[in-house]
Amino acid sequence: MKFTFTRLDGGVVERSFTLDGIPGILWAPESAPGPVPLVLLGHPGGLHAMHSRLAGRARASVLEHGFAAATIELPGGGERTRSAAAEQARSDLRRALATGEPVDEIVDRLVLPLVDKAVPEWQDALDALLALPEVRGPVGFSGGPIAIGIRLAVVEPRITAAVLFAGSFVPAATLDEARQVTIPLQVLLQWDDETNDRQASLNLFDAFGSEEKALHANMGGHAGVPQSEVTGGARFFARHSS
């Protein structure tokens, strides 16, 4: 892990890094008595485009609860090389949605390769982050795409709780994986999300195998998640950080 930039901002240290060529950002308290728990921030876009929203989510955990927060660039996002197959699948999906054609096969082509590539990268990042003297477990995951969060919740035992954003398409195979999730969950659903099938999100929530799970549904579109959910998610992780 190579740190490339450091900034101090009101008690939060923000450090950009690269890990095997993958860009990332780590936010941590400017001062802490010892190593602090970690929240991984999932997101659907490039780090530059998402920076302000990611930084806001990170600050809720860092300033209010003394955690660290970190994120990495998704495959094909931001500065990373685009996948021709993924770009074709996105084009096919837009066409199918516009014409009312079935989308299941297209969603599989778009989402499953992304999950297969992104999850090992998140695990490598987690290895490197937990090797830092200022960071320790337990680890939470917050955000999306939800299919990535689900896979991580199944395969990564160091993640002990998750806040998942129900705002992206979910393959049938991911629905099956959801039944294997047992960690405490909060699922955020924007009731009027113009990019998401509400009933599919409700079906996914029902499928989760966790004994402790809560669905937080708010009125509004895809980008309208209220600030109260950001701070509420930080409190959720604080309850499960011991």
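Some points to look at:
- Report summary: the helix-based calculation at 222 nm, which adds -39500 (n - 2.57) for every DSSP H run with n ≥ 4 and divides by the residues of the chain, gives -13500 deg cm²/dmol.
- Distance (nanometres) between label positions extended 7 Å along Cα→Cβ at Leu63 and Arg95: 4.7 nm
- Choice from Gly56, Gly24, Gly100 with maximal GNM fluctuation in the chain (Cα, 10 Å cutoff): Gly100
- Value of relative contact order over the stretch 169-225, rounded to a whole percent, pairs C-alpha under 8 Å and six or more apart: 47 percent
- Candidates Glu101, Glu156, Glu121, ranked by Gaussian network fluctuation over the chain, Cα under 10 Å, top entry: Glu101
- Classified by the C-alpha gyration tensor, the stretch 164-205 has an oblate form. Its axis ratio a/c, with a ≥ b ≥ c, is 1.5 or above, and a/b does not exceed b/c.
- Applying 0.36 nm per residue to the separation of Glu79 and Val103 and subtracting their alpha-carbon distance, the gain on full extension is 5.8 nm.
- Cα-based shape type of the stretch 133-242, given that a ≥ b ≥ c are square roots of the gyration tensor eigenvalues and the cut on a/c is 1.5: oblate
- C-alpha long axis of helix 227-239 to longest principal axis of the chain, angle in °: 60 degrees
No value in this document is a laboratory result; all are computed from the given coordinates. Values in this document were obtained by computation on a predicted structure and should not be read as measured data. Here Cβ is always computed from backbone atoms with ideal geometry, including for glycine, and neighbour counts include all displayed protein chains.
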